[in-house]
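Taking it in order: structure first as structure tokens, then the write-up.
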Amino acid sequence: MTDRIVELINQIGELGVGLLILLETVIPPIPSEVVLPFAGFAAAAGHLNPYLAWAAATVGSLLGAYVLYWLGVALSYERLHHLAGRPWFLLFGQRDLDRGQRFFEARGEVVMLVGRCIPFVRSVVSVPAGLTRMSFLRFSLLTALGSGVWNAVFIYAGYRLGDDYAAVERYLAPVSKAVVAIVLVVLVWLVARRLRERRMARARETVGAGSREAG
């Protein structure tokens, strides 16, 4: 994948940086920790304009975030709330969703800014913004600010490191894997909790039915 990223940036320059970051925002396995440092290295070598590369990356981040924001809007909180009440939906319940909505409405700005600087989370954080109907203007400003900082840091790192730009990926890769592992553990815990709650509810119903029959 790294070779294809390098080849695309070499072929279409700053536009390639923006396109790759757009795709990375929608499809997290495309690593921005490869795209952005190489863009910085290419800028240091005189093949790219660093400011145009940063602008293209930030516009790409914004466009990708819009895709996920509107996905959240299309899914809608009401529809997701209905799904959360279905027996086969195991990730979370309606009360969990309600608590999540209240938290995002109270701390959404902080979540958006901090989330933009966490691998993997920086992509999916746009979905709850759409679900809760965060102001599109506020969403755009927060996304542009958080993504702009992220992009600037990694382009600058590649610019300073030169042909050792891949060191950024080596240091950040364990962080990305840790974040994905934490997300998976949380998902497994949520499913296990939901299953346990349902078993307890069925047990209570059985005991209640037995008590009524005895009475």
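The values are calculated or read from the model by the stated rules, or taken from the named source; none is laboratory data. None of these values were measured; they are calculated from a predicted model. Note that we place each Cβ from the backbone using ideal geometry, even for glycine, and neighbour counts take in every protein chain shown. Surface areas here come from the heavy atoms of the whole protein model, side chains and all, with no ligands, DNA or RNA. Shrake-Rupley method; radii C 1.70, N 1.55, O 1.52, S 1.80 Å.
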Candidate residues Leu91, Leu62: accessible-area rank, largest first, probe 1.4 Å: Leu91, Leu62
On average, how much accessible surface per residue is there in the chain, in Å², for a 1.4 Å probe, leaving out ligands, DNA and RNA? 56 Å²
With only Lys, Arg, Asp and Glu charged, each at its Cβ (+1 for the first two, -1 for the last two), find how big the charge dipole of region 42-168 is about the Cα centre; round to the nearest 20 debye. 360 debye
Rounded to the nearest 10 degrees, the helix 167-214 long axis (Cα) sits at an angle to the longest Cα principal axis of the chain of 10 degrees
Pseudo-spin-label distance Ala74 to Ala192, built 7 Å along Cα→Cβ, given in nm, is 3.5 nm
Given 37 °C and 0.692 mPa s, compute D for the chain with the Stokes-Einstein relation, Rh being the Kirkwood radius over Cα pairs; round to the nearest whole µm²/s. 171 µm²/s
From Cα pairs below 8 angstrom and at least 6 apart in sequence, can you work out the relative contact order of region 76-197, rounded to a whole percent? 30 percent
Listed residues Trp189, Pro128, Tyr159: farthest to the positive end of the dipole of region 95-211 (Cβ charges): Trp189
What is the angle, in °, between the Cα long axis of helix 2-26 and the longest principal axis of the Cα atoms in the chain? Nearest 10 is fine, range 0 to 90. 30 degrees
Ranked order, Phe103, Phe139, Phe120, Phe89 - accessible area, probe 1.4 Å, largest first: Phe103, Phe120, Phe89, Phe139
Rank these residues by their accessible area, most exposed first, probe 1.4 Å: Thr143, Thr132. Thr132, Thr143
With springs connecting C-alpha atoms under 10 Å apart, model the chain as a Gaussian network and identify which of Trp189, Trp150, Trp54 has the largest mean-square fluctuation. Trp189
To test your reading of the geometry: what angle, between 0 and 90 degrees and rounded to tens, separates the Cα axis of helix 32-44 from the longest principal axis of the chain? 10 degrees
Express the relative contact order of region 1-96 as a whole percentage, based on alpha carbon pairs under 8 Å and six or more residues apart in sequence. 28 percent
Select from Pro31, Gly72, Gln11 the residue farthest towards the positive end of the dipole of the chain; place +1 on Cβ of Lys and Arg, -1 on Cβ of Asp and Glu, and compute about the Cα centre. Gly72
Fraction of accessible area attributable to carbon and sulfur, the chain (%, probe 1.4 Å): 67 percent
To the nearest 20 debye, the chain has a Cα-centred charge dipole, built from +1 on Lys and Arg Cβ and -1 on Asp and Glu Cβ, of 1260 debye
